[in-house]
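This report refers to the structure that appears directly beneath it.
The values are calculated or read from the model by the stated rules, or taken from the named source; none is laboratory data. Predicted model, so just to flag it, every value in this text is computed and none were measured. Cβ: placed from backbone, ideal geometry, glycine included. Neighbour counts: every protein chain shown.
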Amino acid sequence: MAKKYLILSLFLVLSTQIKAQQYGLFNTKTLFDAFENPAQKAFVLDSSRQYASNFLLPYFGLNGANKGDSNYSLRNYINGNKFETSGIPIGNNARNQGYQSSNVYLFTFRIFQSYKYHKELGFSWQVRSDAFADYTNETLVAANDFRRFKDNLIAPFDGNGYSQSYHQFSMTYRENFDKQLAFGVKLSLLSGITYNKINITDSYLDFNGGADNQRTIGFSGTYKSNFLRAKELDANTLVPNFKNPGLSVGFGTTYTSKTGFFLIGSIKDLGFIKWNNQSHTMFVPNGEIVVNDASPGQNLQTRFEDQFTNNDQQKGFYTATNAKADFLLSKRFDFYTPNFIVSKNLWNKGGDIALVNNFAYNEFSVSLSPIYNLNGFMMLGTQAKYQTPNFEFFLGSDNVLKSAAYNQKANTTNNGSYAGASVYMGVGIKFGYTVEHPQNSSYMPGVGGDADEKGFFSKLFGIFKKKK
């Protein structure tokens, strides 16, 4: 069980500086689009009803990829075979990169508040995760069969990785500033679930030989986590309890030019989490482990863990959320709408450049999206969507070719390729009064009040205007 947990940690938990964002849903006026890009509209006058929700129906996105020789082991493991590392070369410190991310909306609820300024108010509950790992072939082989090491090696196990998961409870608000410009904001209360980060440096392996092929493994390293061992985690860990509280903010704007160009600019998930005082910080300045052919693999893993746990200090710490800056430029040409998107991580390395090609016919649409990740990944996204003013369903992938290739035969030759998988799906339903234009209806939220009423952002910017 310990070995399986280590393997899953490497492949499925360790996560990402690169993160696909369901780009096919940008500029679609779906519930997902409105909650991810807070200045976006979710309601259409004279057609949509007043309230919108996913009613706890599926609304999720999952992404993962791995680049390097370790794809050989990954594909073997995913396809149900045993964990195999015999085909992975060692001795050259070849590196691998793995990432995983998820964004699951457990519940969404959005209200059309007012016809004037087209005000919309939304509430959501998400569970998010991000993870990244940069590790050597030797690290993976050591977890399975360290008997393969029969030479002295420098820096064979140097690497780093982190993972973070949390609940996000949000309120979003958007309104039109004028006929062309709109603003939106997303305020979130966070509850951390799990966090761990490891950094191994100055590692070496000395092959001492002898009758039992003795080896000395040395390293320095740091480790931070809100749990000490995996067995501490259970179903209750997923329940939001705010023992690890945090805050984040997102804000954005949309602009429609007189020539028909549409722009979105957003800053997303700019925030932090305070992990509680029972969290763990460990530093190993000069760790050393001696093993031989008679030592079982489990003993090596346990002794490696003990090097850290013996230097444990319990104290709280702060971590940042994976904030992003997004920009979209689009223009509609009849049934075809191209969307050029640039997304950049603010604190971590990486980002995406995407061209979403959307083709619509009545309520149906499909999109094809080549995506280049700034860490060297090339992806191809595709999406199918059925959308009316009061119902939406979508299914897609940001990495469809790699997702379909997961069942291909494992190959010991890397050739610079990578393995990946991605899927997202969602359902949204609107109900209540129809938000008709005042000239067509006897009821309309926000109509009949003070004619001089101003929107929130009009008042906010009005303060700065008066000070000048």
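Quick check on the range 333-344: of everything there that is in a strand (DSSP E or B) and surrounded by fewer than 20 Cβ atoms within 10 Å (Cβ to Cβ), which residue is farthest from the chain's Cα centre (by Cα)?
Narrowing the range 333-344 to residues in a strand (DSSP E or B): 333, 336-344.
Of the ones still in play, those that are also surrounded by fewer than 20 Cβ atoms within 10 Å (Cβ to Cβ) are 333, 336-338, 340, 342, 344.
Numbers: Phe333: 32, Tyr336: 29, Thr337: 26, Pro338: 24, Phe340: 20, Val342: 16, Lys344: 13 Å.
Of everything passing the filter in the range 333-344, Phe333 is farthest from the chain's Cα centre (by Cα).
Return the residues of the range 185-209 that are farther than 30 Å from Gly122 by Cβ and touching a residue at least 12 places away in the same chain (Cβ under 8 Å); say none if nothing qualifies.
Restricting attention to the range 185-209, the residues satisfying the condition of being farther than 30 Å from Gly122 by Cβ are 196-209.
Once the filter is applied, which keeps residues that are farther than 30 Å from Gly122 by Cβ and touching a residue at least 12 places away in the same chain (Cβ under 8 Å), the range 185-209 yields Asn196, Lys197, Ile198, Asn199, Ile200, Thr201, Asp202, Ser203, Tyr204, Leu205, Asp206, Phe207.
When the range 364-379 is examined, which residues are found to be touching a residue at least 40 places away in the same chain (Cβ under 8 Å) and within 17 Å of the chain's Cα centre (by Cα)?
Within the range 364-379, Ile371, Asn373, Leu374, Asn375, Phe377, Met379 meet the criteria.
Only one of Thr388, Thr413 is touching an Asp or Glu at 6+ places or on another chain (Cβ under 9 Å) and at pLDDT 95 or above; which? Can you show your working first?
Details: Thr413 fails: at pLDDT 95 or above.
Result: Thr388 is the single residue among Thr388, Thr413 that is touching an Asp or Glu at 6+ places or on another chain (Cβ under 9 Å) and at pLDDT 95 or above.
Looking at this structure, is Phe359 under 23 Å from Lys268 (Cα atoms) and modelled with pLDDT of 95 or more?
No.
What pairs come out if I take residues in the range 240-254 that are among the basic types (Lys, Arg) and pair them with residues that are not in a strand (DSSP E or B) whose C-beta lies under 6 Å away, six or more apart or interchain?
Every condition considered, the pairs that remain are Lys243/Asn276.
Go through (1) among the aromatic types (Phe, Trp, Tyr); (2) within 21 Å of the chain's Cα centre (by Cα); (3) exposed (fewer than 13 other Cβ atoms within 10 Å of the Cβ) for Tyr361 and report which single condition fails.
In the conditions (1) among the aromatic types (Phe, Trp, Tyr); (2) within 21 Å of the chain's Cα centre (by Cα); (3) exposed (fewer than 13 other Cβ atoms within 10 Å of the Cβ), Tyr361 misses (2) alone.
Do you know which of the residues in the range 178-226 that are aromatic (Phe, Trp, Tyr) and crowded, with 16+ Cβ neighbours inside 10 Å is farthest from Phe35 (Cα to Cα)?
Taking the range 178-226 first, the residues aromatic (Phe, Trp, Tyr) are 183, 195, 204, 207, 219, 223.
Subsequent filtering for residues that are crowded, with 16+ Cβ neighbours inside 10 Å retains 183, 195, 204, 219, 223.
Numbers: Phe183: 13, Tyr195: 25, Tyr204: 48, Phe219: 45, Tyr223: 34 Å.
By that ranking, first place goes to Tyr204.
For the range 114-139, name all the residues that are under 23 Å from Leu56 (Cβ atoms) and not β-branched (Val, Ile, Thr).
So in the range 114-139, the residues under 23 Å from Leu56 (Cβ atoms) come out as 120-129.
Glu120, Leu121, Gly122, Phe123, Ser124, Trp125, Gln126, Arg128, Ser129 - these are the residues of the range 114-139 that are under 23 Å from Leu56 (Cβ atoms) and not β-branched (Val, Ile, Thr).
In this structure, is Leu8 buried (at least 16 other Cβ atoms within 10 Å of the Cβ) and at pLDDT below 90? Talk me through it step by step, then tell me what you get.
Working: buried (at least 16 other Cβ atoms within 10 Å of the Cβ): no; at pLDDT below 90: yes.
In short, no.
When the range 46-72 is examined, which residues are found to be of a type outside the set (Lys, Arg), within 20 Å of the chain's Cα centre (by Cα) and more than 18 Å from Asn103 (Cβ to Cβ)?
The one that is of a type outside the set (Lys, Arg), within 20 Å of the chain's Cα centre (by Cα) and more than 18 Å from Asn103 (Cβ to Cβ): Asn66.
Kindly list, by first and then second residue, each pair from a residue in the range 418-444 that is at pLDDT 75 or above to a residue that is among the basic types (Lys, Arg) and buried (at least 20 other Cβ atoms within 10 Å of the Cβ), limited to pairs with Cβ atoms under 8 Å and residues at least 6 apart or on different chains.
Within 8 Å, the pairs are Ala421/Lys402; Ser422/Lys402.
I'm checking my understanding of the structure. Among residues of the range 259-277 that are in contact with a strand residue (DSSP E or B) (Cβ under 6 Å, 6 or more places away or on another chain) and over 30 Å from Pro338 (Cα atoms), which one is surrounded by the most Cβ atoms within 10 Å (Cβ to Cβ)? Working first, answer last.
Within the range 259-277, the subset in contact with a strand residue (DSSP E or B) (Cβ under 6 Å, 6 or more places away or on another chain) is 260-275.
Add one more test, that the residue is over 30 Å from Pro338 (Cα atoms), and what stays is 271-275.
On the way: Gly271: 21, Phe272: 14, Ile273: 22, Lys274: 17, Trp275: 24.
Out of the qualifying residues, it is Trp275.
Check whether at least one residue in the range 199-218 is small (Gly, Ala, Ser) and within 24 Å of the chain's Cα centre (by Cα), and report yes or no. Lay out the reasoning, then the answer.
Of the residues in the range 199-218, the ones small (Gly, Ala, Ser) are 203, 209-211, 218.
From what is left, the residues that are within 24 Å of the chain's Cα centre (by Cα) are none.
No; the residues of the range 199-218 include none that is small (Gly, Ala, Ser) and within 24 Å of the chain's Cα centre (by Cα).
Criterion first (farther than 30 Å from Gly455 by Cβ, of a type in the set (Gly, Ala, Ser) and touching a residue at least 24 places away in the same chain (Cβ under 8 Å)) does Ala182 satisfy it?
Values: farther than 30 Å from Gly455 by Cβ: no; of a type in the set (Gly, Ala, Ser): yes; touching a residue at least 24 places away in the same chain (Cβ under 8 Å): yes.
For Ala182, the condition - farther than 30 Å from Gly455 by Cβ, of a type in the set (Gly, Ala, Ser) and touching a residue at least 24 places away in the same chain (Cβ under 8 Å) - is not met.
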